[in-house]
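Novice: Got a structure for you, written out below as structure tokens; questions coming shortly.
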Amino acid sequence: MKEINDREKIVKLFMPFENEVFPLRNRFVRAATWLGACSGEGRATPLSLSRQIEAAAGGAAAVITESAYVSPEGRALRRQWGLDSDDAIPEVRRLSDAVHAVGSKLIVQLCHAGAAASYAASAYSPSGGTYPGYDKDTIAMTREDMSKVCRDFAAAAERARAGGADGVEIHAAHGYLLTQFMSPLLNKRNDEYGGSFENRLRAAREVYDAVRQAVGDSFSIWLKLSMTEGVPGGYGPDEGIDAALNLLSCGVNVLEVSSGTGYSAPRHAPSVVGVSAGDSEAPFAGYAAAVKSKAPKNSLVLLTGGLRSLPVLAALLEEGTADLFGISRPFIAEPDLINRWAEDDARPSACISCNACLRTAGGGVIDCPIMRERQEGEWDPL
Ligand SMILES: Cc1cc2nc3c(=O)[nH]c(=O)nc-3n(C[C@H](O)[C@H](O)[C@H](O)COP(=O)(O)O)c2cc1C
């Protein structure tokens, strides 16, 4: 991985990012991170709110919330946030007020889990059957079901806007419903939603159109996409990159480049284990570069996944790989990471990419070894 140690180039990461699409105070974004802190009914709690806000206070220019389900049948995770009712509007308001108060912006991530809706009574999917790793049978979606999904995304986006968010992000990554439609493995339909690449992408495009119609042209719509399904027989990077460009040309404002699903080979997984500063950093940078090189001028590319050190980030910015950089696990270990970097402590993130956070989030108490050591007063990454 190329690294740049030139201070002037590193400083560019922290300079205000003036652009017509989405001006920001720097290039760092807290990527969506579910931390299992909502109530069992999907309501925000003081803990779930503070876990979102702390990254903004820690210097991130924008915070993408944990993924929020748009309907009960689209709920994937334990203690996940729900944007399926107007009860969520004051919760978004509390978040946006707090995030704005520290100079950051708020993006609410919206998700329908489809076949991966393990916390729903019944799960829907493009063509029925089971989801890899789950034994629960799913219901094949009708066109009316698809229209409901579009309406649910649109209504949730309107709630986010009503609560003062600066934008929404459609979660079309990581094996949830919109990935399932894109997947030649999971989508066996023979109508206009299945078969060809254009047909498999139709669900994501329709959801985008419905959200755009609901929120208008001036509201920012981001979309997170896995560039590869990361499994034999699934879609690969060529289709992932084409899908990204296609969605940007439809009007998506910010395309977040991610990879993989819950059933991918480990090296393609969204949260790659064992990434460390230097060589194994930025595993999805090649995908972002491919998207950025052909992206429409009035759009931005956000690269997320295994970003850990300033010299690598400076090189990615210098090379024009992406406009923005998304960080998830390092903010769990050190919510104040960006401020630390800005204040001249340029050591890489202390995160060891062990995924203890991911394994334990469902219990509501995150077990991050780095966070634990800091709280116990023993933290010394040197
Ligand atoms: C505990 C945990 C929860 C996550 N929750 C979400 C989520 O709600 N939505 C999402 O798009 N990605 C989620 N991710 C994936 C991250 O946003 C990110 O894509 C991935 O972890 C790679 O970035 P990192 O190396 O900086 O952690 C989660 C990851 C972790 C570790």
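Novice: Considering only DSSP beta bridges whose two residues both sit in the chain, what percent are antiparallel, to the nearest 5?
Specialist: So the antiparallel bridges amount to about 10 percent of the total.
Novice: By the gyration tensor of its Cα atoms, with a ≥ b ≥ c the square roots of the eigenvalues, what is the shape of the stretch 247-333: rounded for a/c under 1.5, prolate for a/b over b/c, or oblate?
Specialist: Taking the square roots of the gyration eigenvalues as a ≥ b ≥ c, the stretch 247-333 is oblate.
Novice: Here's something else I'd like to know. Do the sum for the chain: with -39,500 (n - 2.57) for every DSSP H run of n ≥ 4, divided by all residues, what is the mean residue ellipticity at 222 nm, to the nearest 500 deg cm²/dmol?
Specialist: -10000 deg cm²/dmol
Novice: Ranking 344, 209 by Cβ neighbours within 10 Å, fewest first, what do you get?
Specialist: Final ranking by Cβ density, sparse to dense: 344, 209.
Novice: Taking the beta-carbon count within 10 Å as an exposure proxy, list 125, 276 from fewest neighbours to most.
Specialist: 276, 125
Novice: Also: Can you list the aspartates and glutamates whose alpha carbon is less than 19 Å from that of residue 9, not counting same-chain residues fewer than 8 positions off?
Specialist: 18, 281, 318, 319, 323, 343, 344, 345
Novice: Give the percent of DSSP beta bridges with both residues in the stretch 1-121 that are antiparallel, rounded to the nearest 5.
Specialist: Within the stretch 1-121, antiparallel bridges account for around 10 percent of the total.
Novice: Label points 7 Å out from Cα along the Cβ direction at residue 121 and residue 97: separation in nm?
Specialist: About 3.6 nm, to one decimal.
Novice: What list of ³J(HN,Hα) couplings, whole Hz, do you get for the stretch 216-230 from phi and the Karplus terms 6.51, -1.76, 1.60, once you set θ to phi - 60° and write x for glycine and proline?
Specialist: x, 6, 8, 8, 7, 10, 9, 9, 9, 9, 7, 6, 9, 6, x
Novice: Moving to a separate point now. Kindly identify the stretch 220-288 as rounded, prolate or oblate by the Cα gyration tensor criterion: order the square roots of the eigenvalues as a ≥ b ≥ c, call it rounded if a/c is under 1.5, otherwise compare a/b with b/c, prolate if a/b is larger, else oblate.
Specialist: Here the stretch 220-288 falls in the oblate category.
Novice: May I pose another question? Pick from 333, 162, 204 the residue whose mean-square fluctuation is largest in a GNM of the chain, springs joining Cα atoms under 10 Å.
Specialist: Of 333, 162, 204, the Gaussian network model singles out 162 as fluctuating most.
Novice: Counting Lys and Arg as +1 and Asp and Glu as -1, what is the net charge of the other residues whose Cβ lies under 15 Å from the Cβ of residue 359?
Specialist: +3
Novice: What ranking, highest mean first, results for peptides 62-72, 32-42 when packing means the other Cβ atoms within 10 Å averaged over each residue?
Specialist: 62-72, 32-42
Novice: Counting only residues 5 or more places away or on other chains, whose amide H sits under 5 Å from the amide H of residue 65 once H atoms are built in the peptide plane?
Specialist: Close amide H contacts, sequence-distant or interchain: 107, 108, 109.
Novice: What is the extension gain from residue 267 to residue 7, computed as 0.36 nm multiplied by their sequence separation minus the C-alpha to C-alpha distance, in nm to one decimal?
Specialist: 90.4 nm
Novice: Go through the stretch 38-55 residue by residue and turn each phi into a ³J(HN,Hα) via Karplus (6.51, -1.76, 1.60, θ = phi - 60°); whole Hz please, and just put x for glycine and proline.
Specialist: 7, 6, x, 8, x, 8, 5, 10, x, 5, 5, 5, 5, 5, 7, 6, 5, 6
Novice: Let me ask something else about it. Explain nothing, just compute: Karplus ³J(HN,Hα) = 6.51 cos²θ - 1.76 cosθ + 1.60, θ = phi - 60°, for every residue of the stretch 182-191 in order, whole Hz, x for Gly and Pro.
Specialist: Calculated HN-Hα couplings, in order: 6, 7, x, 7, 9, 9, 10, 6, 10, 9 Hz.
Novice: To continue, here is another question. In terms of the Cα gyration tensor, with a ≥ b ≥ c the square roots of its eigenvalues, is the stretch 7-375 rounded because a/c is under 1.5, prolate because a/b exceeds b/c, or oblate?
Specialist: Because its axes are fairly even, with a/c under 1.5, the stretch 7-375 counts as rounded.
Read the figures in this text as sums done on the coordinates, not as results from a lab. What you are looking at is a predicted structure, and each value in this text was computed from that prediction instead of being measured. Every residue, glycine among them, receives a Cβ derived from its backbone with ideal geometry; neighbour counts consider all protein chains shown.
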